[in-house]
4 protein chains.
Amino acid sequence: MKVGIIGATGYAGGELVRLLMGHPQAEIVWYGSRSYIDKKYYEVFQNMFQIVDSKCLDDNMEELAAQADVIFTATPQGFCASIINEEILSKVKVVDLSADFRIKDVKVYEEWYKITHKSPQFIDEAVYGLCEINREDVKKARLVANPGCYPTCSTLSIYPMVKEGLIHPNTIIIDAKSGTSGAGRGAKVDNLYCEVNENMKAYGVSTHRHTPEIEEQLGYAAGEKVVLNFTPHLAPMNRGILVTAYASLKKEVTYDEVKAVYDKYYGTEKFVRVLDEDVCPQTKWVEGSNYVDVNFKLDFRTNRIIMMGAMDNLVKGAAGQAVQNMNLMFGLEESMGLCQAPMFP
Amino acid sequence: MKVGIIGATGYAGGELVRLLMGHPQAEIVWYGSRSYIDKKYYEVFQNMFQIVDSKCLDDNMEELAAQADVIFTATPQGFCASIINEEILSKVKVVDLSADFRIKDVKVYEEWYKITHKSPQFIDEAVYGLCEINREDVKKARLVANPGCYPTCSTLSIYPMVKEGLIHPNTIIIDAKSGTSGAGRGAKVDNLYCEVNENMKAYGVSTHRHTPEIEEQLGYAAGEKVVLNFTPHLAPMNRGILVTAYASLKKEVTYDEVKAVYDKYYGTEKFVRVLDEDVCPQTKWVEGSNYVDVNFKLDFRTNRIIMMGAMDNLVKGAAGQAVQNMNLMFGLEESMGLCQAPMFP
Amino acid sequence: MKVGIIGATGYAGGELVRLLMGHPQAEIVWYGSRSYIDKKYYEVFQNMFQIVDSKCLDDNMEELAAQADVIFTATPQGFCASIINEEILSKVKVVDLSADFRIKDVKVYEEWYKITHKSPQFIDEAVYGLCEINREDVKKARLVANPGCYPTCSTLSIYPMVKEGLIHPNTIIIDAKSGTSGAGRGAKVDNLYCEVNENMKAYGVSTHRHTPEIEEQLGYAAGEKVVLNFTPHLAPMNRGILVTAYASLKKEVTYDEVKAVYDKYYGTEKFVRVLDEDVCPQTKWVEGSNYVDVNFKLDFRTNRIIMMGAMDNLVKGAAGQAVQNMNLMFGLEESMGLCQAPMFP
Amino acid sequence: MKVGIIGATGYAGGELVRLLMGHPQAEIVWYGSRSYIDKKYYEVFQNMFQIVDSKCLDDNMEELAAQADVIFTATPQGFCASIINEEILSKVKVVDLSADFRIKDVKVYEEWYKITHKSPQFIDEAVYGLCEINREDVKKARLVANPGCYPTCSTLSIYPMVKEGLIHPNTIIIDAKSGTSGAGRGAKVDNLYCEVNENMKAYGVSTHRHTPEIEEQLGYAAGEKVVLNFTPHLAPMNRGILVTAYASLKKEVTYDEVKAVYDKYYGTEKFVRVLDEDVCPQTKWVEGSNYVDVNFKLDFRTNRIIMMGAMDNLVKGAAGQAVQNMNLMFGLEESMGLCQAPMFP
């Protein structure tokens, strides 16, 4: 299977390369990077010295579509929508790691992202690639919208409770903490070592673009419109997202009942691990892997549930899930190339 | 003013020493440390080499009460309650950095801390030393219960909204992130560098002992019993607490109205800084200082307010506030010895 | 191939488990850990939840020798020497990750390690498992002494220059920086997050036990006794060793000549990468992988060469090299299970 | 005393502001910053919110010279040399934190810095502001060249041994590790959090510009030209420089003899602390303070001495030493405003 990557020199692109190097069926034929055209890929990511010998290429979609079976676009918002067309989709499958095709309501997309959608005609067709929930649709898709990092961790942590109608959806509050690789490899003062290290802050409070994405997905589960609070925080670590979510219970439930609900949805899922009672997810326990660790705690004093999830934002939150989607789209074993155990410490 | 410290070799004790070194009116006469008796203090904290030449001493309260004007107990729960008595209080003022005298209802204390209170007779007299709120009582106190780190940051972030009746107290959810110095200097695997670094986790979910302390203080502001969710997280940094708190608004309010409320309570406070609109508090901006930075964001989609606070857990969250209390108790200028600007980066 | 691990719950032991999970020919049959007998292995390292379901076992060598084809001892100094015997070696191959069989001169061992060697009769037989240098001997070995982390990185960085007689061996000065996982998982105040974070220090200056190990190996290359300076430093990171070594050149050499020397020794080595001119090794570029990146810089002003190496101390510096040795001992492909690309960032 | 700062929004400039806020005799009248003209200073460094209310100003030297008693230039190489002139120096004293006036041989400066010196006529007059060594000259200076961070720590660590003729100067090898604030606040990919965190690397090997500065200063001590190796490393921490230096002893010496030598030079120095035997300097022990901790270890096996120093690069390595120089130039107590104890942890 021949793979083309557009945006191969960002952190998500680099992680795609790392994972695909270990994938028995995939071969990368195109290292797309506008910023580093003609530069050896390993000069941009020296970890790939003597592993990848190719040069970075420009974004020639026709050429790429002719050479590849699948294209990953790990690019800024708007790019994939601006280059996608029927001819491309007739030749190659596309996994878009940007937000362009995640949100079904184009008005919501344009409102939160402040850009005009260039290819609204493909929005309906695109499948939201949260594999554990939309597996069957992904298998048939030509175009997969790879979920955002926060939405993946948030949705998987909360989904069973909403789907089973055990919580009031509009009481959901999601407090998320992310490592700094989520901010990308752009040279900005805010992301300098000395600004991030020994520091914690919230950002994008009540305005972060992942909010409508989470609301839409949980809305499908709830069968009604969901409005919630989502607050991301920047944490002084390279990788990892930790989600702590709160919601009011509709009725009294026991630990065992809720555990059974989580097991119902994830008991047979390889990549979602429901931890033992009272064990809180930690980002370090999933680092470098495609796992999401989830758990919950019932608080009878406040009649709320606290739902928690931990994930590597670059793997399950980006490149790993993209490979998982590719595997599904091509009829391969879903976990192919994704079986690394997490690295600790 | 002669100062004795019991528990001088923990992180909070060390910070007391650092701050008191720069205090023009204070002189430390007793470096109490059961673990390091007769060892030079600087051998335990080498930053104090050639600054402190004293040896660590055992906890001889009679001797200490005879020598000192004020005693700080930076000790585990239960210690201060076990050694305090009328004779001591008749000779010296005491600032207890543990939780022993923070909670007025001894049953609540014993339930959450799982120990029997040894001196309930002093609970009523003890003043909860959140200076910005209880300033006048602190001035008259013999025994001050120095607030916990999380309660200081949480209460100051939320207090104006509760006091003014703008939010429903029982919808309050506090999601807090702390640096690792809050876990103390005990040798535990969980606090090893490799376990904390590159890691985030929640802990003590729905069971953390600072919960009733926050509930009590906000209860006074609300004029009714408050029950809330408090979830602490361990963050990979030495110092700093970041609080992100959520609550439902009782009625529609504008940014200016809420800003006016925060300014009403903190406009003249030196150590509480209400940041400019849309500026989120960051722990790095207060590091090493006694400041608490607070701010808020209104989310009209969900009718909630997000209240934020950032603080150095060892300064305003422990030793700095203890010194601030001492200053008040002795009629000194409240900010004496506490005027260092935060260190950045 | 059945594998037993003694000391499976230290950081090196944990890394062995992680690597062997991805090894197509190896199956772990014994998770030895005195400290956690009967506890589920994943309760000690939660990254292994739903990956390893076994319990930790005591160190029953007879039983282990009966069940396993190879035993890894990731144990404190002295342990392997205390349990090894002819019967065990007649049944299983042993890779010892401790220092017990690294040093041929038992007096030197006992002097630097301050313990009496319990099995000096096996020292001669034991092969020093620096695969790139002793490959053929390792293939025939029953007992392999897996090199220390610092000696692996130091020796590989310097070896070609000594072997080719281009530097004066007794001018060698090695300044090494290590991540904190090298200090082990023991609960010590010195290794607490707050003590290591934002801190750098040298330790064991002129007395570190890896000194004679490096001297011995470079002595073989030099054909004469080598005495050198080795100074380790603790760096605030989980993984990685960076070596910066200095030596005086015997004669004038050009960059190309020295490059040719490094290529002569490492040009066909998978796991030693000689970087391009002027590219300095970085520990992040090899993290999680079995690679050692080396390079050098000639300084004509001082007539010295600066030799540099970077490595993951838990992989090539411990568990990865142990697996590499196992592969060689059993006639498997040397890189089997070790082909992960480094993780960045 | 009225102080103007040019380059107030870099990390060294920010540290000058922090220190001068606590200086009883200094008042900052000019926050110079070309990049942020007319912006409130606290918007650039939010730690200064409600502490500094001034706006950033352009670099109007005539105006500045008219208003200020002393000017600090915390600017890139070449700037100070390009604006200095006799008229300015006749009105105000200048402390230049750049390298422009550190090196007496203008050819050496131009060769290492690759720029043409614009004001060579002031090089002779300028005093190299390493206070502990050039105190008397600083007191009389109009123009002080504030030493570089690495040279300060390196020179102070090695100086007594060279001055007393106990080591061969041309065997000196300096291996230095610096926190990332030394790289400045410019937005570069290399200094992003994810590139620096969990990483160590050497840089500028044999070509770093601080090399000739150290050689010149040690040359004065030696009474002869000194050529040495200096290798800086980037460490994943905000602040701190650790120097580990090696040199061959000219003759046998005992610990006590060498200790006496260090005490001879530093026994009465407030800011240089010679640690107790076998205590290695740690950067955390001096963080936020103007101290340099030094110590040494004799290695009789190799006949070398290992000299170590730790310092906060932004304080003693930049802003703190600049204030110390200012104090000397104006006849104030040398330690005024610099007496903060180091912050730990």
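The values are calculated or read from the model by the stated rules, or taken from the named source; none is laboratory data. Worth saying up front: this structure is predicted, and the values here are computed from it rather than measured. Cβ: placed from backbone, ideal geometry, glycine included. Neighbour counts: every protein chain shown.
Quick notes
- Residues that are of a type in the set (Phe, Trp, Tyr) and within 9 Å of A:ILE6 (Cα to Cα) within the range A:44-74 comprise just one, A:PHE72.
- Qualifying residue in the range A:26-46 (condition: surrounded by fewer than 16 Cβ atoms within 10 Å (Cβ to Cβ) and on the phi > 0 side of the Ramachandran plot): yes
- With respect to (1) farther than 24 Å from C:ASN197 by Cβ; (2) surrounded by 24 or more Cβ atoms within 10 Å (Cβ to Cβ); (3) among the aromatic types (Phe, Trp, Tyr), the lone exception for D:TRP285 is condition (1).
- Scanning the range A:148-182 for residues that are more than 23 Å from A:TYR291 (Cα to Cα) and assigned to a helix (DSSP H, G or I) yields A:PRO169, A:ASN170, A:THR171.
- Residue in the range B:317-345 that is farthest from the other protein chains (Cβ to nearest Cβ), counting only those that are within 10 Å of B:SER289 (Cα to Cα) and assigned to a loop (DSSP other than H, G, I, E, B): B:LEU338
- Lone unmet requirement of (1) surrounded by 21 or more Cβ atoms within 10 Å (Cβ to Cβ); (2) within 14 Å of chain D (Cβ to nearest Cβ); (3) without any contact (Cβ under 8 Å) to a residue 40 or more places away in the chain for C:VAL279: (1)
- Some residue of the range B:106-124 being within 26 Å of B:VAL292 (Cα to Cα) and in contact (Cβ under 8 Å) with a residue 24 or more places away in the chain: no
- Residue match in the range C:182-198 (condition: within 29 Å of C:GLY267 (Cβ to Cβ) and buried (at least 24 other Cβ atoms within 10 Å of the Cβ)): no
So that you can scan it fast, the table gives a plain yes or no per residue for (1) buried (at least 17 other Cβ atoms within 10 Å of the Cβ); (2) more than 25 Å from A:ASP312 (Cβ to Cβ):
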{"position": "A:GLU125", "(1), (2)": "no, yes"}
{"position": "A:LEU130", "(1), (2)": "yes, no"}
{"position": "A:LYS139", "(1), (2)": "no, no"}
{"position": "A:SER154", "(1), (2)": "yes, no"}
{"position": "A:ILE158", "(1), (2)": "yes, no"}
{"position": "A:GLU164", "(1), (2)": "yes, yes"}
{"position": "A:PRO169", "(1), (2)": "yes, yes"}
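- Residues located in the range B:87-118, provided they are more than 19 Å from B:GLN67 (Cβ to Cβ) and surrounded by fewer than 17 Cβ atoms within 10 Å (Cβ to Cβ): B:LYS104, B:ASP105, B:VAL106, B:LYS107, B:VAL108, B:GLU110, B:GLU111, B:LYS114, B:ILE115, B:THR116, B:LYS118
- Filter result (among the basic types (Lys, Arg) and crowded, with 24+ Cβ neighbours inside 10 Å) within the range A:1-21: A:ARG18
- Checklist (1) under 27 Å from A:SER181 (Cα atoms); (2) more than 18 Å from the chain's Cα centre (by Cα) applied to C:LEU298, failing item: (1)
- Only a single item in (1) part of a loop (DSSP other than H, G, I, E, B); (2) away from chain B (no Cβ under 14 Å); (3) of a type in the set (D, E, K, R) is not met by A:GLU198, and it is number (2).
- Helices (runs of 4 or more DSSP H) wholly inside the range B:1-92 that include at least 2 residues being within 14 Å of another protein chain (Cβ to nearest Cβ) and either under 25 Å from D:LEU275 (Cα atoms) or modelled with pLDDT under 95 (or both): B:11-21, B:41-44
- In the range B:178-195, of all residues being touching a Pro at 6+ places or on another chain (Cβ under 8 Å) and within 26 Å of B:THR75 (Cβ to Cβ), the one that is farthest from the other protein chains (Cβ to nearest Cβ) corresponds to B:SER178.
The rows are residues; the columns are (1) within 23 Å of B:TYR11 (Cβ to Cβ); (2) not assigned by TED's automatic domain parsing to the domain that holds B:SER181; (3) not aliphatic (A, V, I, L, M).
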{"position": "B:VAL70", "(1), (2), (3)": "yes, yes, no"}
{"position": "B:LEU89", "(1), (2), (3)": "no, yes, no"}
{"position": "B:VAL94", "(1), (2), (3)": "yes, yes, no"}
{"position": "B:ARG102", "(1), (2), (3)": "yes, yes, yes"}
{"position": "B:ASP105", "(1), (2), (3)": "no, yes, yes"}
{"position": "B:THR116", "(1), (2), (3)": "no, yes, yes"}
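- Residues satisfying the stated conditions in the range B:251-276, i.e. touching a residue at least 60 places away in the same chain (Cβ under 8 Å) and surrounded by 15 or more Cβ atoms within 10 Å (Cβ to Cβ): B:VAL253, B:VAL258, B:VAL261, B:TYR262, B:TYR265, B:TYR266, B:GLU269, B:LYS270, B:PHE271, B:VAL272
- Within the range C:201-212, the set of residues being closer than 22 Å to C:TYR11 by Cα and either assigned to a helix (DSSP H, G or I) or more than 7 Å from chain D (Cβ to nearest Cβ) (or both) comprises C:GLY204, C:HIS208, C:ARG209, C:HIS210.
- Residues within the range D:312-337 that are on the phi < 0 side of the Ramachandran plot and either assigned by TED's automatic domain parsing to the domain that holds D:VAL92 or out of contact with any Leu (no Cβ under 7 Å at 6 or more places or on another chain) (or both), tallied: 17
- Every residue from the range B:290-316 that is part of a loop (DSSP other than H, G, I, E, B), facing another protein chain (nearest Cβ under 8 Å) and not β-branched (Val, Ile, Thr): B:ARG301
- Within the range B:159-177, residues that are outside the structural domain of B:GLU215 (by TED's automatic domain parsing) have Cβ atoms under 8 Å from residues that are crowded, with 24+ Cβ neighbours inside 10 Å in no pair, counting only partners at least 6 apart in sequence or on another chain.
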